[in-house]
Ligand SMILES: *Cc1c(COP(=O)(O)O)cnc(C)c1O
């Protein structure tokens, strides 16, 4: 996302990031896992919310987990003195020195990373704090159980402070294998007798597998107020708040006759005379082009009191605009504020209507959309 903005300037589109909602969601995580320390996961520019907002809203976290060492540099430059975990460890050996300077905790998931560390410490450098990653069935990153203990002993022998980590493939789906229980069983069996705290749970495990948390939990999506499953109803009980509100305005209104088509390809045809609102938000802003007719937006009909009406998208989303059916909202006019997603329209709902999940939409908000941190 681009430069920050304090008000709607130029083109009327804005992503507002509500730091109070970050605070609320982090508190909810603490209530759900009071015994655990929290790595707040802020990869992908804090799931598209920008690092400034995350640092401000999540400052009471125990640590931040991210991917790119340059983002760790940013956090340190902006005064973060707490812990920082590089979730995929080092990508190249030449990052070791910077990682040490920044006091990063490192995930170690493969043999090459172990060798880099051994060589580096042998040269007289200090050992690291390590989250050693075990592949317990997701088959993405990590040591197979049969190789895990060897890797552990090697790093332990070099004085590294060791933690045990794994990641669940199906914490959001009850019947899919490997189940959380199966992965957890492999994990526990493999670390039996080894020292060090554990880290297992992502948001889905924090919400639905409270017996699989570990000493350090790793919430991501729930901090942003969206659902690990992509279905908003699944997290309603958790009382999380949407952190991002994406809003725009109606910039034109067309009066259609029955049978008139709307937009490219005329995907929608007016069944009767009706008004269509043109909203200044398109796929170049990160709104999904795959959104089907019927995807909801919220149209303000009273600037002061926050009154509004949900209206459906009709016609294909284009690069800079989308079109909505105003039959429910006779009060809507040019300049009416439209919420594309936020606390009235869950991002998960837009995602569901676009065959994706909220994660993807949040991360994809485009650099041309100004951000206001509130
Ligand atoms: C992204 C990520 C998380 C957070 O996942 P959510 O589903 O967003 O809670 C946790 N752990 C690891 C290793 C990750 O890569």
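The values are calculated or read from the model by the stated rules, or taken from the named source; none is laboratory data. Treat the numbers as computed from the prediction; the structure is a model and nothing was measured. Quick reminder, even Gly has a Cβ in these numbers, built from the backbone with ideal geometry, and neighbours come from all protein chains shown.
Please return the ranges of strands (runs of 3 or more DSSP E) entirely within the stretch 273-354 where 3 or more residues are surrounded by fewer than 21 Cβ atoms within 10 Å (Cβ to Cβ) and assigned by TED's automatic domain parsing to the domain that holds residue 228.
none
I need the full set of residues from the stretch 130-144 which are within 16 Å of the ligand (Cβ to nearest atom) and outside any strand (DSSP E or B), in order please. Before the answer, list the steps.
Going through the stretch 130-144, the residues within 16 Å of the ligand (Cβ to nearest atom) turn out to be 130-143.
135, 136, 137, 138, 139, 140, 141, 142, listed by residue number.
For residue 74, state whether it is crowded, with 16+ Cβ neighbours inside 10 Å and away from the ligand (no atom under 16 Å from the Cβ).
no
For residues that are in contact with a helix residue (DSSP H, G or I) (Cβ under 9 Å, 6 or more places away or on another chain) and surrounded by fewer than 17 Cβ atoms within 10 Å (Cβ to Cβ), tally how many sit in the stretch 111-126.
Residues that pass the stated criteria total 7.
What residue, among those in the stretch 101-125 that are in a loop (DSSP other than H, G, I, E, B) and in contact (Cβ under 8 Å) with a residue 12 or more places away in the chain, is nearest to the ligand (Cβ to nearest atom)?
109
Yes or no: the stretch 234-244 includes at least one residue that is away from the ligand (no atom under 16 Å from the Cβ), over 20 Å from the mean Cα position of the chain (by Cα) and either in the same structural domain as residue 195 (by TED's automatic domain parsing) or farther than 20 Å from residue 318 by Cβ (or both).
No: the stretch 234-244 contains no residue that is away from the ligand (no atom under 16 Å from the Cβ), over 20 Å from the mean Cα position of the chain (by Cα) and either in the same structural domain as residue 195 (by TED's automatic domain parsing) or farther than 20 Å from residue 318 by Cβ (or both).
Going by the conditions given, is residue 233 out of contact with any strand residue (DSSP E or B) (no Cβ under 6 Å at 6 or more places or on another chain), modelled with pLDDT of 95 or more and not in a loop (DSSP other than H, G, I, E, B)?
no
Checking residue 241 against (1) part of a loop (DSSP other than H, G, I, E, B); (2) crowded, with 19+ Cβ neighbours inside 10 Å: exactly one of these is not met. Which one?
The number of the failed condition is (2).
Which condition does residue 367 not pass, out of (1) at pLDDT 95 or above; (2) part of a loop (DSSP other than H, G, I, E, B); (3) within 17 Å of the chain's Cα centre (by Cα), if it passes all the others?
Among (1) at pLDDT 95 or above; (2) part of a loop (DSSP other than H, G, I, E, B); (3) within 17 Å of the chain's Cα centre (by Cα), residue 367 violates only (1).
Looking at (1) on the phi > 0 side of the Ramachandran plot; (2) within 16 Å of the ligand (Cβ to nearest atom), which is the one condition that is false for residue 50?
Unmet condition: (2).
Restricting to the stretch 172-186, name every residue that is in contact with a helix residue (DSSP H, G or I) (Cβ under 8 Å, 6 or more places away or on another chain) and part of a helix (DSSP H, G or I).
Residues satisfying the conditions are 180, 186.
The rows are residues; the columns are (1) away from the ligand (no atom under 15 Å from the Cβ); (2) assigned to a strand (DSSP E or B); (3) outside the structural domain of residue 46 (by TED's automatic domain parsing); (4) out of contact with any strand residue (DSSP E or B) (no Cβ under 6 Å at 6 or more places or on another chain).
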residue	(1), (2), (3), (4)
127	yes, no, no, yes
146	yes, no, no, yes
150	yes, no, no, yes
155	yes, no, no, no
170	no, no, no, yes
188	yes, no, no, yes
204	no, no, no, yes
210	no, no, no, yes
222	no, no, no, yes
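Filter the stretch 23-47 down to residues that are under 21 Å from residue 359 (Cα atoms) and either outside the structural domain of residue 220 (by TED's automatic domain parsing) or assigned to a loop (DSSP other than H, G, I, E, B) (or both), then give me how many there are.
1
Residues to consider are 98, 66, 55; find the one that is assigned by TED's automatic domain parsing to the domain that holds residue 133 and within 16 Å of the ligand (Cβ to nearest atom).
66
Based on this model, can you work out whether residue 33 counts as within 13 Å of the ligand (Cβ to nearest atom), at pLDDT 95 or above and out of contact with any strand residue (DSSP E or B) (no Cβ under 7 Å at 6 or more places or on another chain)?
Here the answer is no, as residue 33 does not meet what is asked.
Would you say residue 358 is touching a residue at least 60 places away in the same chain (Cβ under 8 Å), crowded, with 21+ Cβ neighbours inside 10 Å and within 16 Å of the ligand (Cβ to nearest atom)?
It is true that residue 358 is touching a residue at least 60 places away in the same chain (Cβ under 8 Å), crowded, with 21+ Cβ neighbours inside 10 Å and within 16 Å of the ligand (Cβ to nearest atom).
For residue 131, indicate whether it is under 29 Å from the mean Cα position of the chain (by Cα) and surrounded by 15 or more Cβ atoms within 10 Å (Cβ to Cβ).
On the way: under 29 Å from the mean Cα position of the chain (by Cα): yes; surrounded by 15 or more Cβ atoms within 10 Å (Cβ to Cβ): yes.
So residue 131 passes the test.
Exactly one condition in (1) out of contact with any strand residue (DSSP E or B) (no Cβ under 8 Å at 6 or more places or on another chain); (2) within 22 Å of residue 139 (Cα to Cα); (3) crowded, with 20+ Cβ neighbours inside 10 Å is false for residue 227; which is it?
For residue 227, the failing item is (2).
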